[in-house]
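J.: Sending over a structure as structure tokens; questions will come in a sec.
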Amino acid sequence: AQSVAQPEDQVNVAEGNPLTVKCTYSVSGNPYLFWYVQYPNRGLQFLLKYITGDNLVKGSYGFEAEFNKSQTSFHLKKPSALVSDSALYFCAVRDMVRNFNKFYFGSGTKLNVKP
Amino acid sequence: DVKVTQSSRYLVKRTGEKVFLECVQDMDHENMFWYRQDPGLGLRLIYFSYDVKMKEKGDIPEGYSVSREKKERFSLILESASTNQTSMYLCASSVAPSGQLYWEAFFGQGTRLTVV
């Protein structure tokens with residue numbers, strides 16, 4: 001079965017410091033991975049995706065993610081955190097084996113960036 | 001830009017009421033989804049539709065039904081609302097991927113439903 005795991009419920013970081021939000025995946029076949037961000041009482045906004053190619057993927061708002069096949073990880077990173085980055089972050093995988101219409105989401109990680 | 005619009009941001013309904021949550025997308029996407037979001041549980045798929053009048057159950061379909069009479073509109077129906085259906089409901093749409101494009105799903109702003 002396809003699944004993603006976000007091992008941290010919450011990540012705290014000081015403004016200006018680098019941030020990492022972790023995600024590991026378990027898939028049959030090639031992984032198609034995504035990061036989304038959710039601000040309070042809003043829908044999910046797409047940040048970036050890994051389909052194929054370079055292991056370092058760049059996305060919106062200065063975020064990037066590193067795909068690591070040997071560690072089955074897809075961690076979200078940003079070199080310098082902003083207070084406005086505080087939000088809920090979701091990792092997701094698209095099921096391209098049994099049903100390509102389905103996306104599986106992690107439980108979410110709350111990022112707190114303190115001034 | 002893709003726009004997915006949910007008809008209500010906040011709803012309060014009484015136990016036993018029939019509740020309709022509406023979702024409209026403007027990008028001619030084949031696939032539409034309804035998710036439920038609860039703290040610590042992430043997003044759980046209720047139903048999805050891959051074409052007009054076509055639907056498939058997701059992971060938690062019990063107590064819900066859906067309707068897709070037109071390609072742009074996907075409705076979630078709570079036949080008899082219960083307090084354990086109090087949640088954030090998210091609609092999304094997507095298309096079949098083409099090369100490096102169109103892999104992601106696009107979300108509406110969410111409907112926070114409270115059943116009292």
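The values are calculated or read from the model by the stated rules, or taken from the named source; none is laboratory data. Computed from a predicted structure; not experimentally measured. Reconstructed Cβ throughout: ideal geometry from the backbone, glycine too, with neighbour counts over all protein chains shown. Calculation scope for accessible area: heavy atoms of the full protein, side chains included, ligands and nucleic acids excluded. Shrake-Rupley method; radii C 1.70, N 1.55, O 1.52, S 1.80 Å.
J.: Yes or no: region B:91-99 includes at least one residue that is touching a Lys or Arg at 6+ places or on another chain (Cβ under 9 Å), of a type outside the set (Gly, Ala, Ser) and open to solvent by 10 Å² or more (accessible area, probe 1.4 Å).
T.: Scanning region B:91-99 turns up at least one residue that is touching a Lys or Arg at 6+ places or on another chain (Cβ under 9 Å), of a type outside the set (Gly, Ala, Ser) and open to solvent by 10 Å² or more (accessible area, probe 1.4 Å).
J.: Of everything in region B:70-96 that's hydroxyl-bearing (Ser, Thr, Tyr) and outside any strand (DSSP E or B), which residue is nearest to the other protein chains (Cβ to nearest Cβ)?
T.: Filtering first and then ranking leaves B:86.
J.: Sort through B:75, B:82, B:87 and tell me the only one that's at pLDDT 95 or above and farther than 25 Å from residue A:94 by Cβ.
T.: So the residue among B:75, B:82, B:87 that is at pLDDT 95 or above and farther than 25 Å from residue A:94 by Cβ is B:82.
J.: Output the residue which, of all residues in region A:1-40 that are within 22 Å of residue A:52 (Cα to Cα), among the aliphatic types (A, V, I, L, M) and open to solvent by less than 60 Å² (accessible area, probe 1.4 Å), is modelled with the lowest pLDDT.
T.: Checked region A:1-40; the qualifying residue modelled with the lowest pLDDT is A:27.
J.: Checking the condition more than 25 Å from residue A:41 (Cα to Cα) and either assigned to a loop (DSSP other than H, G, I, E, B) or not hydrophobic (A, V, I, L, M, F, W, C) (or both), which residue from B:56, B:22 passes?
T.: B:56
J.: Out of all the residues in region B:1-44, which are more than 13 Å from chain A (Cβ to nearest Cβ), open to solvent by 40 Å² or more (accessible area, probe 1.4 Å) and among the aliphatic types (A, V, I, L, M)?
T.: Scanning region B:1-44 gives B:12, B:24, B:27.
J.: Residue pairs, Cβ under 6 Å, 6 or more apart or interchain, first in region A:83-99 and part of a helix (DSSP H, G or I), second not polar (S, T, N, Q). List them.
T.: Sorted first by the residue in region A:83-99, then by its partner, the pairs are A:83/A:15; A:83/A:113; A:83/A:115; A:85/A:113.
J.: Also, I was wondering about something else. Can you say whether residue B:111 is surrounded by 14 or more Cβ atoms within 10 Å (Cβ to Cβ), within 11 Å of the chain's Cα centre (by Cα) and more than 22 Å from residue A:94 (Cα to Cα), as far as the supplied structure shows?
T.: Spelling it out, residue B:111 is indeed surrounded by 14 or more Cβ atoms within 10 Å (Cβ to Cβ), within 11 Å of the chain's Cα centre (by Cα) and more than 22 Å from residue A:94 (Cα to Cα).
J.: May I pose another question? Given the criteria in contact with a Leu (Cβ under 6 Å, 6 or more places away or on another chain), loosely packed, with under 12 Cβ neighbours inside 10 Å and more than 24 Å from residue B:87 (Cα to Cα), does residue A:60 qualify?
T.: So residue A:60 passes the test.
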